[in-house]
Every structure is written in structure tokens, then in C-alpha cells.
Amino acid sequence: MNRIGPIIIVEGPKNSKVPFSRSLFIDCQEKVLIDSGADPNALREIEREYGVELIVNTHYHPDHTTYNHRFPNAAKWINPIEFRTSRTIKGVAQVYGIYQEWGPDGAEQWEKSIPAEWVKNLEEISDFYEYEKIYNFGGIKVQFLHTPGHTKGLSCPYFPDLGVVYAGDYDMTSFGPWYNGTDGDIEEFIRSGNQLLTVDADTFITGHQKGIFTKQEFKQAMGNYLSIIDKRDELIEKHVRQGMNFDELTSVGIFYPKHALAKPYFKMWERIGVRKHLERLGLTVPETGVKIFTK
Ligand SMILES: [Zn+2]
């Protein structure tokens, strides 16, 4: 396990790719774990060697709260915006987009299909932290920066004395920015991404894949990463001009690979994502059938 001063970086399986993520363990008196989506064996090792007393979740997504339930005695905190919604599975269905895309019946079915651990991970969240406040965990200062866009409440933990930021879902992957829940927002995503570049830090740790970036690397990666949003805009605009309706537009694979859209989750987030871009572009398309633009 990599270590930066008192911060132990706990990798997730498969290069911390979704549905896993990278966790940070702060080796201090309070025994703090940031997000719980890392390799379960590595987390068990941390628990055995140090003990975990507090889990801090950056946001409610299951790849960042995965193993909350493996630490029954630890207190669990989440950000203040998501504290209430994330503690019930109905609340999560709302912000995920389940109600919007599948309706109440779909939501009911979905609720029955989700694993019991997931419900537990959320129910066990006992409190929330405040944004921007400087917490002192046994001499290690941590500030939870509010970085909305990916979700409404997402926080990026910042260690001002160490010059380290946990950038979480600013993961710099080739997939690009994800703001496809109903609580995601493109403009906020861009704003928060640029805001991260102004933080006085030399090291940025992402939640997935590559992992550790210097400030310079992170800055460069952010430019490429955010430009994927413009590419999506261009692609959608082109297809709309060519006469595609909403059904066609959400079947070509703007976000997810075309073949992945057979899976209901991906289709749902593809639809929500396309809606957000259409709104941003000021374009409307018919849901099906009639085409308003023709070649
Ligand atoms: Zn996430």
C-alpha cells in the first residue's frame, strides 16, 4: 500500500475501476477511512492492523460506500446535502434517476432487486460533516471541499498541511465526466473541476484508475477530461441536425458504448445525460417518430 505521510492509499480491485474505488486511510488517533470501495482484503488488513473508528463517505454512490457494512462499529459520516436522501433507498432512487426514467412501478421493482448490503451501507450512515470546516484528526487537518456536479453533495477531502486532495470522481478516465444522475449538473461539474485546480496542493489522488497526479499532471488531465463534455455537445448537436429523435439519440452511445446500452442502468443514465446536454444546447427533439429536423 502506498503511503503519503500519514495517508495510506488503499487500492480497489482492477485498478480501482467501478464498481470499486480507491480508499484513503488516515493513520492517526481517530483511525479515519475515506470511502470504503477498496479491495475488501486490504480493508480487512487495515482493520486488523489499525482499527477503523470513522468512515467518511465523499458521496452516496455504491462504489464509494461499498464496504461500510464491514465496519459495524465505526461511525459513518456523509456530506450534509446527501445525509437525508442517502439513508433510504427511496431517496437514492430519486437522485439516481430511477423514478424519472422508470416511474414508480419501476422504482418499486428496482428496490426489490438491490442487495441487502447496499441498504445497510446507507442505513448505517449516522451523521454528516460540514463543508469547508477544518477537522483535526489527531493533528491531521482535513477540509471537505464542496465540489458539486458529479452529485449535488460530492466532497473532495483536502489535507492543507500535506498538500493533498482526494479528487474522487474527478477520476480523469477516458470515459469522461459523469453527471448522469438527476442530482448531477454539467455546469457545476465544470465549475468544481476548475475550482480544484486552484487548491493549494501538489498531489491529487483520484478515486478510480490512474490514482496519483502531480498538480501539473492533474491540470493537464483536467483540460482533456472536461473537453469530453464539449465533444458530447458536438456529437449530440450533429445527430440532432441530422434528424435523430430522442430514442435514436439515446441508442447511438454518446456516453456508454452502444452495446452497453442493452443494460437498463446504462440506458437510464444515457437518457438522463442526453437530456442534460440537449437542455444545455437549447435543443429539443421529439421523443419518437416525427423528426423536426431533416437533412
Ligand atoms: Zn460517484
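Computed quantities for the displayed model
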| item | result |
| --- | --- |
| Dimensionless Rg ratio for region 38-163, taking C-alpha atoms and the 2.2 N^0.38 Å reference | 1.14 |
| Rg and Dmax [Cα atoms of the chain; Å; Rg one decimal, Dmax integer] | 19.6, 66 |
| Under-5 Å amide H pairs with residue 97, H placed in peptide plane, nonlocal only | 182 |
| Phi to ³J(HN,Hα) by Karplus 6.51 cos²θ - 1.76 cosθ + 1.60 over region 124-130, Hz, x for Gly, Pro | 7, 5, 9, 7, 10, 9, 9 |
| Most mobile listed residue (221, 107, 262) in the chain, GNM with C-alpha springs under 10 Å | 262 |
| Computed lengthening from residue 241 to residue 174, 0.36 nm per intervening residue step minus Cα-Cα distance | 21.5 nm |
| Backbone HN-Hα couplings from phi across region 132-147 [Karplus 6.51/-1.76/1.60, Hz, Gly and Pro as x] | 6, 4, 8, 8, 10, 9, x, x, 9, 7, 9, 10, 9, 6, 7, 10 |
| Phi to ³J(HN,Hα) by Karplus 6.51 cos²θ - 1.76 cosθ + 1.60 over region 258-269, Hz, x for Gly, Pro | 3, 5, 6, 6, 6, 7, x, 4, 5, 4, 4, 6 |
| Size of region 130-265 as Cα extents on the principal axes (Å, biggest first) | 59, 28, 23 |
| Distance violations [Cα-Cα > 30 Å] among 17/76; 210/258; 90/238; 14/76; 120/231; 90/141 | 90/238; 120/231; 90/141 |
| Gain in span if fully extended, residue 258 to residue 230, counting 0.36 nm per residue against the direct Cα distance | 8.1 nm |
| Whole-Å semi-axes of the ellipsoid equivalent to region 241-280 (Cα gyration tensor, √5λ, descending) | 16, 12, 7 |
| Separation between Cα centres of region 252-286 and region 208-240, rounded to whole Å | 18 |
| Helical mean residue ellipticity (222 nm; -39500 (n - 2.57) per DSSP H run of 4+; nearest 500) of the chain | -11500 deg cm²/dmol |
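Every read-out reported here was derived from the displayed coordinates using simple, explicitly stated rules and does not represent laboratory data. Please read all numbers here as calculations on a predicted model, not as lab measurements.
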